[in-house]
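Reviewing the structure listed below.
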Amino acid sequence: MNVDVTQDFALIPHKGFGFIRGVHDPDDWDQICDLEIRDSDVFVITYPKSGTIWMQQILLLIEAGGDVTSISQVEKNGDLVPWIEVKGSREAFIKAPSPRLSVSHLLSEFLPAALSRKKGKVIYVARNPKDVLVSYFHFHKLANMLETPKDFDDFFEKFLTDRVFGGSWFKHVKTWYSHREDMNMLFITYEEMIQDLSSVVKRICSFLGKDLTEEQLTNVVKHSTFKNMKKIPQASYEQVSVDLLNHSKGMFMRKGTIGDWKNHFTVAQSERFDQIFHREMQDFPLSFIWDIRDLK
Ligand code: PPS
């Protein structure tokens, strides 16, 4: 990652979205949408903290037929499945051999327009936003490109007023979901992955047209569990330079569960969040699991 971390944490507004100084290059913002897309291209789209690095690991393992040694040559999985919006990725994408696997937190209008002509494939991963908020709060403490929050209450307000990279969680999920018919899109949730990873991996394989043996599927699942990913430095981002992630302040692979928000939200915060959620999502056909005990 060719990023240049600064101490100016104010997001740079561009067409209603805030970019991170030093991490995102203004030259890319209006050019990513013009990229030519191959049918074999795969974009994983997430609001931050919704399962991005988990999907990086799964896609890499599917490509390698479950062989975990395929990632041993790199420092981190993001070298193989880069964020398309991070400086340098766009140029690298143009020259990369197929299949090109990328991740992104951007809104749909910034992504290649060809996706809306059913070129390439999109996997959108959504996570319940209370857990997203908590995960993002902790990530802000270790990520040097993001401002360390004063406290949880302060971050709670920032998240609800869209003053974080990624903007409004509601807008992100809803606008991407609205493209599920015009794009080749698989829409999955983090909670489904927690509930039954094996079924989700099979759905991803079928979506990508990958025909893995039972043994290969078993290995993909085995090497992408939270416990095992934590032991793989490339997957857990433990080898990333301290300039970017300060692991003495927390781990990328933190809890990996559903419902940790209950350990952070006050009753008043939870009720306020619920009200906003119901207002924003009342016409939206997606439901989330908010508590690990609600898994079937
Ligand atoms: S980022 O920075 O936006 O790319 O972060 P992202 O990868 O989207 O989200 C990080 C959260 O995903 C959790 N994670 C997992 N959970 C369960 N199983 C597996 N294998 C897994 N891999 C990553 C990670 O722990 C972060 O969630 P929290 O709640 O902070 O633990």
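The values are calculated or read from the model by the stated rules, or taken from the named source; none is laboratory data. Remember, it's a predicted structure, so these values are computed and weren't measured experimentally. Heads up, the Cβs are rebuilt from the backbone with ideal geometry, glycines too, and the neighbour counts pull from every protein chain shown.
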Self-check item: Residues that are of a type outside the set (S, T, Y) and touching an Asp or Glu at 6+ places or on another chain (Cβ under 9 Å), drawn from the range 233-250
Solution: P233, Q234, Q239, V240, L245, H247
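Out of D243, D294, D274, report the one residue that is on the phi < 0 side of the Ramachandran plot, charged (D, E, K, R), away from the ligand (no atom under 13 Å from the Cβ) and loosely packed, with under 12 Cβ neighbours inside 10 Å.
Selected residue: D243, the only one of D243, D294, D274 that is on the phi < 0 side of the Ramachandran plot, charged (D, E, K, R), away from the ligand (no atom under 13 Å from the Cβ) and loosely packed, with under 12 Cβ neighbours inside 10 Å.
Residue under question is H140, and the condition is that it be of a type outside the set (S, T, N, Q), under 18 Å from F284 (Cβ atoms), within 17 Å of the chain's Cα centre (by Cα) and within 13 Å of the ligand (Cβ to nearest atom); does it hold?
no
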Quiz item: Going through the range 236-286 one residue at a time, which ones are farther than 29 Å from I58 by Cβ and part of a loop (DSSP other than H, G, I, E, B)?
Solution: F265, T266, Q282, D283
Self-check item: Single condition L101 does not satisfy, out of (1) surrounded by fewer than 17 Cβ atoms within 10 Å (Cβ to Cβ); (2) within 16 Å of the ligand (Cβ to nearest atom); (3) farther than 30 Å from N263 by Cβ
Solution: (1)
Quiz item: Which pairs do you get when a residue that is of a type in the set (S, T, N, Q), found in the range 57-73, comes within reach of a residue that is assigned to a helix (DSSP H, G or I), reach meaning Cβ atoms under 7 angstrom, with the pair 6+ apart or on two chains?
Solution: Q57/N77; Q57/M229; Q57/A235; S70/L60
Exercise. For K227, work out the one condition from (1) in a helix (DSSP H, G or I); (2) crowded, with 18+ Cβ neighbours inside 10 Å; (3) of a type outside the set (A, V, I, L, M, F, W, C); (4) within 13 Å of the ligand (Cβ to nearest atom) it doesn't fulfil.
Key: (2)
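Of the residues F139, F159, F170, only one is of a type in the set (F, W, Y), free of Cβ contacts under 8 Å to residues at least 60 places away in the same chain and closer than 23 Å to W290 by Cα; which?
F159
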Quiz item: If we scan the range 161-183, do we find a residue that is crowded, with 19+ Cβ neighbours inside 10 Å, over 25 Å from R279 (Cβ atoms) and not β-branched (V, I, T)?
Solution: yes
Quiz item: Condition test on K222, is it among the basic types (K, R), at pLDDT 95 or above and farther than 30 Å from V5 by Cβ?
Solution: yes
Quiz item: surrounded by fewer than 16 Cβ atoms within 10 Å (Cβ to Cβ) and more than 16 Å from the ligand (Cβ to nearest atom): does that describe S72?
Solution: yes
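In the range 174-224, which residues are of a type in the set (S, T, N, Q) and either assigned to a strand (DSSP E or B) or under 17 Å from V125 (Cβ atoms) (or both)?
T175, S178, N184, T189, Q195, S198, S199, S206, S224
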